[in-house]
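Please read the structure below before turning to the comments.
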Amino acid sequence: MSETGHSATGYIVHHLTNLRFDLTQMKFLHGEETGGFGVVHLDTMVFSIALGSLFLWLFMKAAKSATSDVPGPLQNFCEIMVEFVDTQVKDSFHGRNPVIAPLALTIFIWVFLWNTMDLIPVDLLPAIAGVFGIPYLRTVPSTDLNSTFGLSISVLLLLYYYSFKVKGPIHFSMEILTHPFGIWLMPFNLLLRIVEDLAKPISLGLRLFGNLYAGELIFILIALLPWWLQFVLGWPWAVFHILVITLQAFIFMVLTIVYLSMAHEDH
């Protein structure tokens, strides 16, 4: 902080600022500069793509080297994850769709990897980026509303897609207009459905964002303390945070399965 002239407040603000690039002006934004709809958070994009690629590479490697003999640690891990997710799908999903289990596995592992980035020391990667002239770097994609809402809105779009595909436009329209109070209260039924459908992505996105943002902020506040106090407080919080990052990934996956199960069911 002394080298950059940051106060404690400046230090916190700096660590909570994304690396932003304005596509409309083709320039990086600094400090309090604001942009329009064309602003991209490059750090969120880079870490999301990198972690997604890591997930694909690990599971592809495990699949290619799978053996019926004594399995290695990677194969054991992947088999445990697949069996765990498959159990959740069988318990919560009541339709027939071969896409749901791979989708649930992808969401669980990807969000878990997002959240795990919160366990890396808050100053490590930003300091390395600073050596290369990168002024800002946030390493936890799930602390960015753009990523959490992007994922939750994708789930909502899948919900509509399978509702139309499985039920057909007529039956789906009748479900929206007549459930739960019958055909004579269509406007009220439609209003309730709009509120319900808006609540799904908002609750999914905000729950994941809020929990991980709070965790990141606590790590930043611990980093402001003397080094010996950082060690005393940081380790217990990191151990507890392992539960948080796993639980949030699990909740996002389970709710996605439940929502898509609803899209396959007739009322």
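The values are calculated or read from the model by the stated rules, or taken from the named source; none is laboratory data. Everything numeric in this text was worked out from a predicted model, so none of it was measured. Backbone-built Cβ (ideal geometry, glycine too); neighbour counts: all protein chains shown.
Taking segment 213-243, which residues are in contact (Cβ under 8 Å) with a residue 24 or more places away in the chain, part of a helix (DSSP H, G or I) and in contact with a helix residue (DSSP H, G or I) (Cβ under 6 Å, 6 or more places away or on another chain)? Matches in segment 213-243: TYR213, GLY215, GLU216, ILE220, ALA238, HIS241. Restricting segment 9-27 to residues that are without any contact (Cβ under 8 Å) to a residue 40 or more places away in the chain and not in a helix (DSSP H, G or I), which is nearest to ASP123 (Cα to Cα)? Going through the qualifying residues, I end up with PHE21.
Scanning segment 38-63 for residues that are of a type in the set (Gly, Ala, Ser), in a helix (DSSP H, G or I) and out of contact with any Cys (no Cβ under 9 Å at 6 or more places or on another chain) returns SER48, ALA50, GLY52, SER53. Within segment 162-175, take every residue that is touching a residue at least 60 places away in the same chain (Cβ under 8 Å) and surrounded by fewer than 18 Cβ atoms within 10 Å (Cβ to Cβ) and give me the one that is farthest from ALA214 (Cα to Cα). Once the filter is applied, the top-ranked residue is HIS171.
Being in contact with a helix residue (DSSP H, G or I) (Cβ under 6 Å, 6 or more places away or on another chain) and assigned to a helix (DSSP H, G or I) is a description that does not apply to LEU198. Within segment 169-188, the set of residues being among the aromatic types (Phe, Trp, Tyr) and modelled with pLDDT under 90 comprises PHE172, PHE181, TRP184.
Is it the case that some residue within segment 56-69 is free of Cβ contacts under 8 Å to residues at least 12 places away in the same chain and within 22 Å of SER142 (Cβ to Cβ)? Yes, segment 56-69 contains a residue that is free of Cβ contacts under 8 Å to residues at least 12 places away in the same chain and within 22 Å of SER142 (Cβ to Cβ).
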